[in-house]
Amino acid sequence: MREHKITSNALTIIHQRYYQGKPDRIAALQQARINDEVARKINLLREEKGLSQDELAQLVGVDTSVICQLEDADYEGDAIAMLNHIAAVFDKRVAIDLIPISNNCLFS
């Protein structure tokens, strides 16, 4: 019988209850994190350059609605490809990093 260590850490409890041993939920959480990070990066880059969504859309060659959707963490298109395109407009490139999950918990 497996012993369960008792914890009061809410994030650990959520992880154990809803994610541990459920790869489809883990994948969905990771995708949500990626979408959120892409949305934040696009918004930050646009604001650093002092551009409106419309101005950025014109520079990138897309409709304003595309930029608006990209800055929404719920965007379901190919955000990475569009982020690469936007980065190129500002003479930047996208870098992806793998970050270790601490304490076997996805929420830290």
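Axis of helix 79-89 versus longest Cα principal axis of the chain: the two differ by about 40°, to the nearest ten degrees. The dipole here belongs to the range 10-97: it is taken about the Cα centre, uses +1 on the Cβ of Lys and Arg and -1 on the Cβ of Asp and Glu, and is about 480 debye. Between PHE90 and ILE13, full extension at 0.36 nm per residue minus the direct alpha carbon distance yields a gain of 23.5 nm.
Relative to the longest principal axis of the Cα atoms of the chain, helix 23-48 runs at roughly 30 degrees. Estimated at 0.36 nm per residue, the fully extended path between ASP74 and ASP54 surpasses their Cα-Cα distance by 5.2 nm. Scaled to the globular estimate 2.2 N^0.38 Å, the Cα spread of the range 10-97, given as radius of gyration, is 1.29.
Bear in mind that the values in this text are calculations on the coordinates, not laboratory data. Note that the structure is predicted; figures quoted are calculated from it, not measured. Cβ atoms come from the backbone with ideal geometry, glycine included; neighbour counts cover every protein chain shown.
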